[in-house]
Amino acid sequence: MAGRASSGGLLLDHNRSWSLGYGKFVGNCSIFVAEAWATLDGLKLAGDSGHTKLQVECDNMELVNMLEH
């Protein structure tokens, strides 16, 4: 099912304290696509901010399984 969606997330430091937050409107898409955008944007933001060691958390098992393979 597709609908109007936004994506976003946050980056925490090694102490699990807030570091950066992000969000954007992604248009009409499925929940999977919105969560994929959120993950991609978070990885880009982390890389652009100089973070090299990351732990990604996501509650969409379909996306987690895709990223693990």
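What follows is calculated from the coordinates using simple rules that are stated; it is not laboratory data. Note that the structure is predicted; figures quoted are calculated from it, not measured. Here the Cβ positions follow ideal geometry from the backbone for every residue, glycine too, while neighbour counts run over all protein chains shown.
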Next item on the list: For residue 43 paired with residue 69, estimate the spin-label separation in nm (one decimal), with each label point 7 Å from Cα along the Cα-to-Cβ line.
Entry: 1.6 nm
Notebook entry, point to check: For residue 27, which sequence-distant residues (separation of 5 or more, or a different chain) have an amide H within less than 5 Å of its own amide H, given hydrogens modelled in the peptide plane?
Noted result: 5
Check: By how many degrees, between 0 and 90 and to the nearest 10, does the Cα long axis of helix 31-48 differ from the longest principal axis of the chain?
Finding: 20 degrees
Checklist line | Label selected from (i) 66, 17, 9; (ii) 27, 25, 16; (iii) 37, 27, 18, the criterion being Cα extents along the principal axes in Å as computed here | finding: (iii)
